[in-house]
Amino acid sequence: MKKVSIIVTSYNNTIISKHMTQACLANITAYTDPSLYELILIDPVSKPHWDPSDYDNYHVIKIDKCLKPNPDPGYASCINLGAKEAEGEYLVFVQNDAFVERGWLEGLLKYFEGGYDLVWPDQTPRRYEDIQRIDKLDWFEEEALHGWRDEGIFAITREAWDKVGGYKDGFTLLAQAEFLKRLQGIKFVDICKVRFTHLMAGSNVQLQLDNPKEYDKRMRKDAKILNG
């Protein structure tokens, strides 16, 4: 059994988003010890559509499983599908507009070893001077335990994921906001010593541009369910 299952969700409705997924997967491959993880790609059938081989034109990207639900069940359901297929004791969810750096996974694992159930790495722009200072911090110093959270990447133990019950099927834009409401008894932390680049809303920007009414409709639907 792999220690970690990295689950990437992909919505490749344009050539730009397809290339964004390629870059996301390439960074994981380049900056992650392959012995530590399996990579599960969730690629709902869309138009235009690409095979898994189209992500790996140079035959270097590590993809262990490529799942193609058809019809597209929606973002939250894709997350749950990836978790169901995962074999690891730790689950790391990565959106296709998130780009990791060297040592990222080993850093996240330190916090699981330190007793945390759920970890959000840092994803805000940082000045060079701030990075130099943060890199000198102990992993569990107070300042190190305060980062900037979003949904681009998060890591959770399998036990905690099952306890919370995963994402709620049917949610899209506010899936993690609903998930956060159910974290009772889960020890979680936002950290700044593990960082990545996130193109905030990169996965949804095409929908916002092409069909803003549909984007607003999904946001209102999620908000209504979230607020009861």
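The values are calculated or read from the model by the stated rules, or taken from the named source; none is laboratory data. Computed from a predicted model, the values in this text were never measured in an experiment. Methodologically, a virtual Cβ is constructed for each residue, glycine included, from the backbone with ideal geometry; neighbour enumeration extends over all protein chains shown.
Among the residues of the stretch 178-195, those that are free of Cβ contacts under 8 Å to residues at least 24 places away in the same chain and of a type outside the set (D, E, K, R) comprise Phe179, Leu180, Gln184, Gly185.
For the stretch 117-131, name all the residues that are more than 27 Å from Pro34 (Cβ to Cβ) and either of a type in the set (S, T, N, Q) or in contact (Cβ under 8 Å) with a residue 12 or more places away in the chain (or both). Matches in the stretch 117-131: Thr124, Arg126.
Taking the stretch 59-89 as the region of interest, how many residues are in a helix (DSSP H, G or I) and in contact with a strand residue (DSSP E or B) (Cβ under 8 Å, 6 or more places away or on another chain)? Selection size over the stretch 59-89: 7.
Flag: Thr124 matches the condition of being in contact with a Phe, Trp or Tyr (Cβ under 7 Å, 6 or more places away or on another chain) and surrounded by fewer than 19 Cβ atoms within 10 Å (Cβ to Cβ). Take Asp150 and tell me if it is modelled with pLDDT under 95 and touching a Pro at 6+ places or on another chain (Cβ under 8 Å). Judged against the criteria, Asp150 is not a match.
Once the stretch 56-84 is narrowed to residues that are of a type outside the set (A, V, I, L, M, F, W, C), in contact with a Ser or Thr (Cβ under 8 Å, 6 or more places away or on another chain) and within 24 Å of Thr172 (Cα to Cα), the residue that is modelled with the highest pLDDT is Gly82.
Residue by residue, here is whether (1) surrounded by 16 or more Cβ atoms within 10 Å (Cβ to Cβ); (2) closer than 21 Å to Thr32 by Cβ holds:
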site: Glu113; (1), (2): no, yes
site: Arg133; (1), (2): no, no
site: Leu145; (1), (2): yes, no
site: Gly165; (1), (2): no, no
site: Gly170; (1), (2): no, no
site: Leu174; (1), (2): yes, no
site: Phe188; (1), (2): yes, no
site: Arg195; (1), (2): yes, yes
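Taking the criterion of being β-branched (Val, Ile, Thr), at pLDDT 95 or above and in contact with a strand residue (DSSP E or B) (Cβ under 7 Å, 6 or more places away or on another chain), would at least one residue in the stretch 161-174 satisfy it? The answer is no; no qualifying residue exists. Taken across the stretch 103-116, residues that are touching a residue at least 24 places away in the same chain (Cβ under 8 Å), under 15 Å from Arg195 (Cβ atoms) and among the hydroxyl-bearing types (Ser, Thr, Tyr) do occur, with at least one present.
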